[in-house]
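To start, the structure itself, in structure tokens.
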Amino acid sequence: MKRILVTGGSGFLGSYLCEKLLESGNEVICVDNFFTGAKRNIYHLMDNPRFEMIRHDVTEPLNVECDEIYNLACPASPIHYQRDPAQTVKTCVHGAINMLELSRRLKAKILQASTSEVYGDPAVHPQVESYWGNVNPIGLRSCYDEGKRCAETLFFCYHLQCALPIKIVRIFNTYGPRMHPNDGRVVSNFILQALKNEDITIYGDGQQTRSFCYRDDLIDAMIRMMNTPEDVTGPVNIGNPGEFTILELAETVIELTDSKSKIVRMPLPADDPRQRKPDITKARELLKWQPSTDLKTGLIKTIAYFDDLLKTAPEFCRGT
Ligand code: NAD
Ligand code: UDP
């Protein structure tokens, strides 16, 4: 049994990671400041004697004893990370430093949840880990993109200077149950709009592409990455290489929900990447992993989750 720290553990991905780590018999310490996380995501874990919750902001130092650290604390959706951009940078940078210092003291393995956003609006397609990216350093998305890039830099500084056992995964768009209904991401927006028969809001012409990975596949890969030998540092792309236009996603959601919604166009936000698709050769080789859930199967499960949420906790969905 290991004692594992998960920062951002009450968020969409963090809460499912905590659940999986507990299922394998570990002790889990969940650290979160509830900026975008929700207590409802971890209620079902609170009675487990191997689960502990600490309300804490990772921009402040933290002192706990653990064997491994998964650093997920950071708002992931554009509307949330742009709400307080300076705080987003601090969470990425100071949060990384504080967790790396903790890892250094404890000699604990540490994994960073990085992002496909480090590639910005990519000129190389599909994206391979060796591509350095195309990021606007002063644009609307830069607090997140550059914050995450700097966190990767810090991870490698500590690895080279202090021989810290680091792991970096670059996560591509991930969806599934427990996404926050108000976080404005495309999958949750389209599903809720379709279930309520409201207009489906496509930003721009809908020809921009994304590759959508189902939550369970993603968390499986993340745990595999933590368990790789010490010389495997990454970065390793994790995502589903299936590539869809946003228009195709809207049409699929309408079909699966049997919705009466109409598609409407809205302005495209600044610096919105035109295309995104992971090259997962490295993940296949190093983690013996590939996603097993196709888009329709994952969407059906996510639609069922939001359908239930609308009926059982309508107040939580307000504002979408
Ligand atoms: P989320 O917003 O649901 O979860 C983030 C969690 O971090 C929340 O619980 C939030 O309250 C917490 N948090 C934020 N700032 C904090 C701080 N300063 N101190 C402590 N806790 C803080 O997002 P998610 O989708 O679960 O993403 C988790 C991680 O994965 C993030 O680091 C994100 O950048 C990364 N990621 C996610 C995706 C995706 O598609 N979901 C894609 C790429 C990368
Ligand atoms: N998008 C959209 N309608 C929405 C929300 C998002 O057309 O209601 C688009 C958005 O402009 C982007 C894509 O869907 O091109 C994915 O957006 P999301 O915020 O989910 O993730 P990210 O841009 O970070 O990949």
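The values are calculated or read from the model by the stated rules, or taken from the named source; none is laboratory data. Not measured: the values here are computed from a predicted model. Ideal geometry is used to build each Cβ from the backbone, glycine not excepted, and the neighbour counts take in all protein chains shown.
Name the single residue that is surrounded by the fewest Cβ atoms within 10 Å (Cβ to Cβ) among those in the stretch 45-62 being within 15 Å of ligand 1 (Cβ to nearest atom) and in a loop (DSSP other than H, G, I, E, B). So the residue we want is Glu60. The selection criterion, being among the β-branched types (Val, Ile, Thr), part of a strand (DSSP E or B) and within 13 Å of ligand 1 (Cβ to nearest atom), does not hold for Ile110.
Would a scan of the stretch 197-208 turn up a residue that is away from ligand 2 (no atom under 13 Å from the Cβ) and surrounded by 18 or more Cβ atoms within 10 Å (Cβ to Cβ)?
First, pick out the residues of the stretch 197-208 that are away from ligand 2 (no atom under 13 Å from the Cβ): 197.
Imposing the further condition that a residue be surrounded by 18 or more Cβ atoms within 10 Å (Cβ to Cβ) reduces the set to none.
Within the stretch 197-208, none of the residues are away from ligand 2 (no atom under 13 Å from the Cβ) and surrounded by 18 or more Cβ atoms within 10 Å (Cβ to Cβ).
For the stretch 63-91, which residues satisfy the criterion of being within 25 Å of Gly120 (Cβ to Cβ), more than 10 Å from ligand 1 (Cβ to nearest atom) and of a type in the set (D, E, K, R)? Passing the criteria: only Arg83.
Among the residues of this structure, Tyr16 does not count as one that is buried (at least 19 other Cβ atoms within 10 Å of the Cβ), farther than 22 Å from Phe316 by Cα and among the aromatic types (Phe, Trp, Tyr). Any residue in the stretch 248-259 that is modelled with pLDDT of 95 or more, near ligand 2 (Cβ under 9 Å from one of its atoms) and crowded, with 21+ Cβ neighbours inside 10 Å? The answer is yes, given that some residue of the stretch 248-259 is modelled with pLDDT of 95 or more, near ligand 2 (Cβ under 9 Å from one of its atoms) and crowded, with 21+ Cβ neighbours inside 10 Å. Considering the stretch 144-158, the residues that are among the hydrophobic types (A, V, I, L, M, F, W, C) and surrounded by fewer than 21 Cβ atoms within 10 Å (Cβ to Cβ) include one that is nearest to the chain's Cα centre (by Cα), namely Cys150. For beta carbons closer than 9 Å, sequence separation of 6+ or different chains, a first residue in the stretch 88-105 that is touching a residue at least 24 places away in the same chain (Cβ under 8 Å) and a second that is among the basic types (Lys, Arg) and assigned to a helix (DSSP H, G or I), the qualifying pairs are Cys92/Lys148; Cys92/Arg149.
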